[in-house]
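Undergrad: Let me begin by handing over the structure; questions about it come next.
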Amino acid sequence: MTYRIITLLLFLFLLNSCTEEAKKSDPLPQLSGIYPHLAYYNSEGECGTGAIVPWADRLWAITYGPHLPNGSSDKLYEITPDLKQIVREESIGGTPANRMIHTESQQLFIGPYAIDQEGQVRTIPYEQMPGRHTGNARHLEQPENKIYYGTMEEGFYEVDVHTLEVQELYQDANTLKGDQYSTLLPGAHGKGLYTGQGVVVYSNNGEPSEEALKQFDIPSGVLAEWDGTDWKTVRRAQFVEVTGPGGIHGNKNLATDPIWATGWDYKSVLLGVRDSETGWSFYRLPKASHSYDGAHGWNTEWPRIRDVGTENQPDYLMTMHGMFWHFPGSFTPSSSAGLRPRSAYLKVIGDFTRWNDQLVFGCDDSAKKEFLNKRKVKGGIEGPGQSNSNLWFTDLGKPDQLGPNTAAGAVWLEEPVTAHTPSEPFLFAGWPKRSCWLQNAGTATVTFTFEIDTDGTGNWQPLTTQIIEAGKNARVAFNRGQSGEWIRVKADRATTATAHFYYADEEERDTKAAPVFTGLASVDQSEVHGGLLYGLGDNRRALGLAATAFSGTEDGDYRYYELNEKLELLPKKDPETLDFITAQFAIPKEVVTVEESSVLVVDDSGRRWRFPLGDPKFSALTDAGALRIAREVATERDLLNLHGTFYELPAENADGFAKVRPVASHSLRIHDYASYRGLLVMTGIDPEAGKDNEHVIVSADEQAAVWAGAIDDLWQLGKPTGQGGPWKNTAVQAGEASDPYLIGFYDRRSLELSHQSAEPVTFTIEVEPIGHGPWMEYQQVTVPPGETYTHQFPADFQARWIRFRADQNTTATAWLVYE
């Protein structure tokens with residue numbers, strides 16, 4: 001008997017050991033570089049990543065809630081090299097996004113925490129240092145012993161790095177009676193803090209007014225500096241990152257190293273550099289995305305410039321307005337060459353770093369409180385039940401591999417221009433297709449001169465001139481032989497002018513979806529696994545799925561399932577949650593109108609916009625409410641899925657549909673989509689087709705299925721395509737403009753114009769390159785009766801919207817094909 005017991009115990013021991021070894025060797029589930037088990041949740045209206053820093057053989061991350069200057073349910077996370085997530089018990093939360101490595105004391109300061117070389121954490125209580133911590137900087141006088149903290153409401157502190165004793169320099173506005181906004185500096189919503197050249201530089205990107213909650217083009221934000229005694233406004237605009245070559249360590253040569261600042265206004269991205277001898281200089285860059293606009297500043301999070309190279313080979317990566325940029329580490333006014341666009345992205349990124357030879361992006365994925373991002377095209381859809389976000393791990397080359405870097409921006413926008421005064425420099429290098437829309441809204445003919453700085457040394461040379469009569473415009477195309485780092489323009493007399501640059505990438509995608517999407521049902525299929533999605537609340541930390549089976553446009557009975565962090569799709573008995581999802585997340589009908597010519601959208605301001613058509617089968621599915629049209633899947637911007645094309649859709653307060661950006665076209669029957677643990681999850685599945693695709697997750701009973709990946713996988717669906725126009729056998733009135741029709745960001749574009757009149761009709765073709773700027777004449781063409789005018793747009797042509805006018809009453813067709 002004893003022998004049998006010993007044998008049994010030995011067998012159980014070996015079995016347990018094998019099981020434990022199997023657990024250790026099992027790869028952690030991940031899709032597209034997103035590990036669901038690393039997601040973080042809080043109990044607030046938003047759960048964004050404030051900062052991530054490798055330190056003490058770990059990756060450290062902090063999260064933030066939306067306005068919590070005295071602490072919150074957010075945490076400090078320690079992530080081990082084998083990707084174990086440890087929630088530190090020292091956590092006190094708040095709204096922090098600051099990080100700095102203090103070299104002399106060998107400590108990482110991140111949020112209200114100080115972490116030593118051994119990973120020991122000390123905490124500075126909010127009672128001693130209240131505020132939404134947004135930045136750290138080296139001390140002007142005692143950098144070896146003290147650092148600065150800055151808050152979003154202009155509280156400033158100096159902290160002893162040894163004792164963590166706090167000395168208040170300027171009181172945080174959250175501790176003042178009355179309004180939460182400070183009167184110390186213009187603007188609101190603080191972002192960056194950095195020291196160098198004898199000053200502390202601070203930025204904010206918002207404006208504390210009701211007007212700023214609705215408009216995107218009013219004065220907002222500030223870049224300011226402090227000399228230890230007095231504050232000075234450098235520039236009134238929306239600024240975010242402030243840093244230098246030393247990054248989160250601080251500049252090594254405090255007296256002479258440059259300070260860089262990024263920001264934007266309603267015209268373009270702004271880049272500032274402070275030189276120790278010449279002071280501040282400013283440059284302009286194009287915007288890839290307008291989802292970051294908004295005078296309140298809330299849509300931006302924390303754009304960064306950060307060294308993701310090695311100690312021996314620095315490599316600065318910049319994020320700004322939906323674009324990855326290569327930033328030259330030697331950037332100064334006398335050495336400004338080398339700034340280049342890389343690729344466009346959709347994730348909302350709060351911070352990023354290099355860790356274990358990968359890039360890690362800390363994101364802001366799924367906010368319970370959608371803030372101001374409400375619109376009727378979404379219906380009354382709820383946000384997720386609980387805010388959550390995640391990290392995104394990629395290879396080092398990922399910033400070059402996402403969306404096309406097509407982008408645009410202005411140096412002048414319907415504004416007074418002084419004679420012989422050049423505009424600010426605008427980036428010229430980095431794109432194969434470049435043009436400028438130039439308008440003279442003055443009362444006399446003006447000669448505009450373009451000049452280029454060929455090598456970034458500030459040596460300007462004439463490039464070309466353009467003579468424009470009063471009230472007229474021109475499209476100036478630049479060929480590939482016209483090279484230079486920066487371009488600027490000046491007028492020979494005072495006028496009112498617009499100069500808007502539009503740059504396009506070569507479209508290297510075709511129309512075929514990548515294998516990652518295998519298993520998503522085609523629009524041709526009638527029998528499809530669908531389902532409505534909802535991120536559960538109450539700390540359940542699962543994704544609820546009301547699963548259904550479609551036959552044609554008809555959905556069947558709904559069954560309830562949950563997707564967990566192990567990427568298991570499990571049936572659950574929870575009729576209450578099932579009823580909630582089917583009621584609150586039902587897809588709204590009649591929020592867009594599919595017409596024979598195009599898809600018509602009337603936005604919340606009553607503005608009319610028309611979009612291309614995809615496969616005709618999308619029409620019935622759209623009308624039946626079998627396809628989700630719009631939903632927030634990255635904080636404070638929407639993903640629009642309209643007749644076979646995904647679009648990035650800015651919030652209404654960032655000008656909404658006027659600034660929409662097509663991402664990719666497809667022929668997929670996508671029922672619903674949502675964000676969960678950093679993943680984009682979609683329904684509308686053919687399980688049999690996706691059985692060998694890890695991105696397709698099927699329940700054990702085979703009655704439910706979802707697709708999961710990263711939102712930036714969508715670029716791989718294929719380039720944007722479509723056809724349609726504002727008129728198709730439409731009765732038009734003389735001189736009356738058609739609705740705007742989207743033309744921006746597409747590849748090969750052609751036009752056919754025809755009419756049914758017995759006499760020739762002259763059509764005026766107008767384009768709007770900006771979204772909120774002036775309409776400009778592209779062409780006038782006279783079409784004889786019975787004939788069709790055809791036009792292939794030049795490869796370097798770009799504008800955002802197009803419209804048409806006829807010189808007489810007629811029945812006309814304006815048909816555009818994007819291939």
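The values are calculated or read from the model by the stated rules, or taken from the named source; none is laboratory data. Bear in mind the structure is a predicted one, so any value in this text is a computation, not a measurement. Every residue, glycine as well, gets a Cβ built from its backbone with ideal geometry; the counts of neighbours run over all protein chains shown. The protein model used for the area step is the full one, side chains on, heavy atoms only, and it has no ligands, DNA or RNA in it. Shrake-Rupley method; radii C 1.70, N 1.55, O 1.52, S 1.80 Å.
Undergrad: Based on the mean of other beta carbon atoms within 10 Å per residue, what is the order of 633-641, 782-790, 131-139, 759-767, most packed first?
TA: Highest mean packing first, the order is 131-139, 633-641, 759-767, 782-790.
Undergrad: Something else: May I ask you to give the average projected area over all directions of the convex hull of the Cα atoms of segment 46-101, in nm² rounded to one decimal?
TA: The number I arrive at for segment 46-101 is 3.9 nm².
Undergrad: Also, quick follow-up: Determine, for each peptide in 717-723, 470-476, the mean count of other beta carbons within 10 angstrom over its residues, then list the peptides with the highest first.
TA: Result, highest mean first: 717-723, 470-476.
Undergrad: Turning to a different aspect of this structure: Residues of segment 582-618 with the amide nitrogen closer than 17 Å to a label point 7 Å from the Cα of residue 733, along Cα-to-Cβ, please.
TA: 608, by backbone N distance to the label point.
Undergrad: Continuing with this model, one more query. Need the full-extension length gain, residue 444 to residue 90, defined as separation in residues times 0.36 nm minus the C-alpha distance. One decimal, nm.
TA: Fully extending the segment from residue 444 to residue 90 adds 120.6 nm.
Undergrad: Given H placed on each backbone N at 1.01 Å, which residues far from residue 308 in sequence or on other chains put an amide H within less than 5 Å of it?
TA: Residues meeting the criterion, in which the H sits 1.01 Å from N, are 315, 316, 317.
Undergrad: Hey, another quick one. Taking 1 over the mean of 1/r across every pair of different Cα atoms in segment 732-819, what Kirkwood radius in Å do you get?
TA: Hydrodynamic radius (Kirkwood, Cα only) of segment 732-819 equals 13.3 Å.
Undergrad: Can I ask one more? Can you list the trypsin sites (Lys or Arg not before Pro) in segment 555-594 that are in a DSSP coil and have 15 or fewer other beta carbons within 10 angstrom?
TA: 566, 572, 573, 589
Undergrad: If you stretched the chain out fully between residue 357 and residue 539, how much longer would it get, using 0.36 nm times the residue separation minus the C-alpha to C-alpha distance?
TA: Full extension of this stretch gives 62.2 nm more.
Undergrad: Would you kindly derive the ³J(HN,Hα) couplings of segment 524-537 from the backbone phi angles with the Karplus curve 6.51 cos²θ - 1.76 cosθ + 1.60 (θ = phi - 60°), listing them in order in whole Hz, with x for Gly and Pro?
TA: 6, 7, 8, 9, 9, 7, x, x, 9, 10, 7, x, 5, x
Undergrad: Which distance in Å, rounded to a whole number, links the C-alpha centroids of segment 79-101 and segment 394-429?
TA: 36 Å
Undergrad: Still on this structure, I have one more. Once you place label points 7 Å from the Cα toward the Cβ at residue 608 and residue 277, how far apart are they in nm?
TA: If labels sit at residue 608 and residue 277, their model points lie 6.0 nm apart.
Undergrad: Follow-up. In sequence order, what are the phi-derived ³J(HN,Hα) couplings for segment 769-781 according to the Karplus relation 6.51 cos²θ - 1.76 cosθ + 1.60 with θ = phi - 60°, rounded to whole Hz, with x for glycine and proline?
TA: Once θ is set to phi - 60°, the couplings for segment 769-781 become x, 10, x, 9, x, x, 6, 10, 6, 9, 7, 10, 9 Hz.
Undergrad: Using the heavy atoms of the protein chains and a 1.4 angstrom probe, tell me the accessible area per residue for the chain in square angstrom.
TA: Heavy-atom SASA per residue in the chain reads 37 Å².
Undergrad: Using only C-alpha positions, report the orientation-averaged shadow area of the convex hull of segment 277-367, nm², one decimal.
TA: Result: 7.7 nm².
Undergrad: May I ask you to evaluate 6.51 cos²θ - 1.76 cosθ + 1.60, the Karplus curve with θ = phi - 60°, for each residue of segment 363-368 and list the ³J(HN,Hα) values in order in whole Hz, giving x for glycine and proline?
TA: 10, 10, 9, 8, 9, 4
Undergrad: With a 1.4 Å probe and all protein chains kept in place, how much accessible area does residue 226 have, in Å² rounded to the nearest 10?
TA: 20 Å²
Undergrad: Moving on to the next point. Once you wrap a convex hull around the alpha carbon atoms of segment 327-368, what is its projected area averaged over all directions, in nm²?
TA: Here the figure is 4.8 nm², rounded to one decimal.
Undergrad: Over the chain, what percent of the accessible surface lies on carbon and sulfur atoms, probe 1.4 Å?
TA: Reported share for carbon and sulfur atoms: 46 percent.
Undergrad: Let me ask something else about it. Under 8 Å for C-alpha pairs, at least 6 residues apart: give me the relative contact order for the chain, rounded to a whole percent.
TA: It comes to 10 percent, rounded to a whole number.
Undergrad: Give me the one-decimal nm value for the distance between modelled label points at residue 420 and residue 493, 7 Å along each residue's Cα-to-Cβ direction.
TA: Each label point lies 7 Å from its Cα, and together they span 1.5 nm.
Undergrad: List the residues whose amide H sits under 5 Å from the amide H of residue 630, counting only those 5 or more places along or on another chain, with H placed 1.01 Å from N in the peptide plane.
TA: Sorted by chain and number, the residues that satisfy this are 641.
Undergrad: Over segment 378-436, what per residue volume does the convex hull of the Cα atoms give, in whole Å³?
TA: 248 Å³
Undergrad: By per-residue mean of other Cβ atoms within 10 Å, what is the highest-first order of 615-626, 538-549, 496-507?
TA: 496-507, 538-549, 615-626
Undergrad: Once you have all Cα-Cα distances for segment 211-291, histogram them in 5 Å bins from zero and send the whole-percent values.
TA: 3, 13, 22, 23, 18, 11, 7, 3, 0
Undergrad: Would you calculate the volume per residue, in Å³, of the smallest convex hull containing every Cα atom of segment 655-805?
TA: Residue-normalised Cα hull volume stands at 165 Å³.
Undergrad: Sticking with this one: Given 512/659; 378/728; 267/490; 659/728; 146/232, which pairs have Cα atoms separated by over 19 Å?
TA: Over 19 Å Cα-Cα: 512/659; 378/728; 659/728; 146/232.
Undergrad: With a point put 7 Å past each Cα toward its Cβ, work out how far residue 168 is from residue 510 in nm, to one decimal.
TA: Taking the two extended label points, one gets 6.6 nm.
Undergrad: Show the residues, 5+ positions off or on another chain, whose built amide H is closer than 5 Å to the amide H of residue 455.
TA: 485
Undergrad: Eigenvalues of the Cα gyration tensor times 5, then square-rooted: what semi-axes does that give for the chain, in whole angstrom, largest first?
TA: Over the Cα atoms of the chain, the ellipsoid semi-axes are 43, 39, 22 Å.
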